[in-house]
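Reviewing the structure listed below.
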Amino acid sequence: MNVCGYIPESINEGPGLRAVLFVSGCRHACAGCFNTDSWDFEAGEPFTEELSASILQDIVDNPLLDGVTLCGGDPFFSPEECAAFVRKLRTLCPGKSIWAYTGFTFEALMRQPKLRELAKQCDVIVDGKFQLELRDVSLPFRGSSNQRFIDVSASLERGETVEYVLR
């Protein structure tokens, strides 16, 4: 897996102050995507153990962070590597929320074991492909009105998709 960016502090990819990891690679090819450079799986640099450890330490050392967001690309095209990173993050920072953006629907993630495993480790998933015709710049933390905020824990507990309500 490659990563094409890391932002140690952002207020654009979820509530509060968040670290954001941009995972390289996406096959959704959404028209109007804001980050087409991230579609290439070879973009950026390899996500080595050293880089992962450095980013994890950066997150641990920042007490102001509310959480971490996985963006891309689409992190669900590299589910095993992202799940391993999130497991380490959960161990080191159990109080930080984990958000992930994906072009897959939550229902599709639940049908595929590797994608489901990564999804289960997230608190909120912003799902669905960006749809240019539904673009709405007034929406917080998402680009088009079809994209949903999914409360992963509640969804797994109830056995149905539960949308997360921003507060």
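The values are calculated or read from the model by the stated rules, or taken from the named source; none is laboratory data. What you see is a predicted model, and the numbers here were worked out from it, not measured in a lab. Methodologically, a virtual Cβ is constructed for each residue, glycine included, from the backbone with ideal geometry; neighbour enumeration extends over all protein chains shown. For the accessible areas, the whole protein counts, side chains as well, though only heavy atoms, and no ligand, DNA or RNA atoms are used. Shrake-Rupley method; radii C 1.70, N 1.55, O 1.52, S 1.80 Å.
Out of the total accessible area of the stretch 105-159 (probe 1.4 Å, heavy atoms of protein only), what percent is carbon and sulfur? Write down the numbers at each step before the final one.
Details: 1400 of 2960 Å².
Exposed carbon and sulfur together represent 47 percent of the surface.
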Taking H as built 1.01 Å from N, whose amide H comes closer than 5 Å to the amide H of residue 6, not counting residues under 5 places away? 22
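What do the square roots of 5 times the Cα gyration tensor eigenvalues come to for the chain, in whole Å, largest first, as semi-axes of the equivalent ellipsoid?
They are 22, 19, 16 Å, listed from largest to smallest.
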Expected unfolding gain across residue 42-residue 92 under the 0.36 nm per residue rule, minus the alpha-carbon gap, is 15.2 nm
Per residue of the stretch 7-22, what does 6.51 cos²θ - 1.76 cosθ + 1.60 with θ = phi - 60° give for ³J(HN,Hα)? Whole Hz please, x for Gly and Pro, Karplus curve as stated. 10, x, 8, 8, 10, 9, 10, x, x, x, 8, 9, 7, 10, 10, 9
Between the residues 43, 32, 122, the Cα farthest towards the positive end of the dipole of the stretch 10-135, that dipole coming from +1 and -1 charges on the beta-carbon of Lys, Arg, Asp and Glu, is from 122
Integer Hz, Karplus 6.51/-1.76/1.60 couplings in order for the stretch 38-52, x for Gly and Pro: 7, 5, 6, 5, 9, 5, x, 9, x, 8, 6, 4, 5, 5, 4
Restricting things to alpha carbons, tell me how big the stretch 3-48 is in terms of Rg and Dmax, in Å. 11.7, 31
Per DSSP, loop GluC sites (Glu not before Pro) in the stretch 1-79 with at most 15 further Cβ within 10 Å: 42
Got a sec to turn the phi values of the stretch 152-167 into Karplus ³J(HN,Hα) couplings, 6.51 cos²θ - 1.76 cosθ + 1.60 with θ = phi - 60°, whole Hz, x for Gly and Pro? 5, 4, 5, 5, 5, 5, 8, x, 8, 6, 10, 7, 7, 9, 5, 10
Please compute the alpha carbon radius of gyration of the stretch 1-81, then divide it by the globular-protein estimate 2.2 N^0.38 Å. Two decimals is fine. 1.08
Please sort by residue number the GluC sites (Glu not before Pro) in the stretch 79-167 whose DSSP state is loop and whose Cβ has at most 13 other Cβ atoms within 10 Å. 160
Using the reciprocal of the averaged 1/r over all distinct C-alpha pairs, how large is the Kirkwood radius of the stretch 43-104 in Å? 12.3
